[in-house]
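> My questions all concern the structure below.
Nothing in this text is a laboratory measurement; each read-out follows from the coordinates by a stated rule. Please read these numbers as outputs of a predicted model, since none were measured by experiment.
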Amino acid sequence: MPRRPRPARWLALMLLCAAPQPRRAQRPARPLAPPTAAALRPALDSLYGALARGDSAALRRWLADDLTWLDPGSGREVGKAQLLAAAGGARGPAATYDVDSVRVRTVAGAPGLALLGYRRVDRRRVGGYESTARWRAADLFAWRGGRWQLVRHARSWLPAPVAAAAVVPLDSAALAAFVGRYAVAPGLVDDVHWEGGHLVATITGFPPGARLVPVGATVFSPDGTGALLAFERDAAGRVTGYVQGFPDGRVLRRPRLP
C-alpha cells in the first residue's frame, strides 16, 4: 500500500505547481526612429488622396480623435467628425492636391510628435476652367496605433505674382489721375505717388511701399500679389478714394484727402 504524503510535503507540492513558471525575457520595444520627410510623406499622400476621392473611410485612419483642422476661409476650427462628414458629402468637381517642399521638425523630448511644413496646391477643373489655390501648410502629426496621425492642421494663402497676361497697360496720363493722399486712419495716410516710373503706395511709417500693378482701368494689385485695390470716381470722373479687399474678407474704403 503506497504511503500518503505528509501534509507539509503535500502543501509544498501544491504551491510549487501553482507558482507561475518563469517566462523568457522579452525584448525591449524598439525605440521610434526620428521622424523624417520620407517617413511622413506616405501619411500625407494617403490623407490627401482620401480627401480628393471623398473617401471618409480611408481618411478616418489618418486622423487623430482630437484633430483640430483650421479652415482659413471661415476661421472655424473643425474636428474629426466634421471633417469626415464634409469629405464624404462633398459635391461638385473633384479636387487634386499637390504637396511639395515637405520639411519635418522634431519636438524635443517627444519622439512621437512631428511638425510638418509644406506647400500645397489645390486644383479643380470645371469645363475648360481650372481653379487653383496655393497654400503654406503647417501640420502636427503624432505616432498613435502604429501609424502617424494628423492632430492639427493650419494653412495660409500663398500669394502668387499676377500673370503677365492679366496686366493692363495704362499710359502715364491715365495713371496720373490716381496720384494723391488717401486717409487710412487718424494719423495714417497712404501716399500714392510716382517712383521709378510706376505708381507706388506708401503708408505713413511703413516704407518702402507697394508698387501698384494695373489689372484693370481703375483696379490694381499691390506688388502684384494678394489683395486688390479699386479706385472710385464721382459723377464728374474725379478720383474720390479707393476700396481694398483682402483674402480674409475685409473690405476697406480709403477716402482721398484734399
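> Per residue, what volume in Å³ does the Cα convex hull of segment 164-255 take up?
107 Å³
> Please list, ordered by chain and number, the residues whose modelled amide H lies under 5 Å from the amide H of Asp223; skip anything fewer than 5 residues away on the same chain.
Arg211, Leu212, Val213
> Another question about this same structure. Normalised by the number of residues in segment 164-255, what is the relative contact order in percent for Cα pairs under 8 Å and 6+ residues apart?
Once normalised by length, the contact order is 19 percent.
> Let me ask something else about it. For a quick check: with amide H placed at 1.01 Å from N, whose amide H comes under 5 Å from Leu228's, ignoring anything fewer than 5 positions away on the same chain?
When sequence neighbours closer than 5 places are left aside, the close amide H contacts are Gly245.
> Right, something else. For segment 113-118, what does the Karplus curve 6.51 cos²θ - 1.76 cosθ + 1.60, with θ = phi - 60°, yield as ³J(HN,Hα) per residue in whole Hz, taken in order and with x for Gly and Pro?
Residue by residue, segment 113-118 yields 10, 9, 9, 10, x, 6 Hz.
> Between segment 103-143 and segment 182-238, what is the C-alpha centre distance in whole Å?
A separation of 33 Å, based on Cα centres.
> Through the Karplus equation 6.51 cos²θ - 1.76 cosθ + 1.60, θ set to phi - 60°, convert the phi angles of segment 214-222 into ³J(HN,Hα) values in whole Hz; use x for Gly and Pro.
Listing the rounded values in order: x, 10, x, 4, 9, 10, 9, 10, x Hz.
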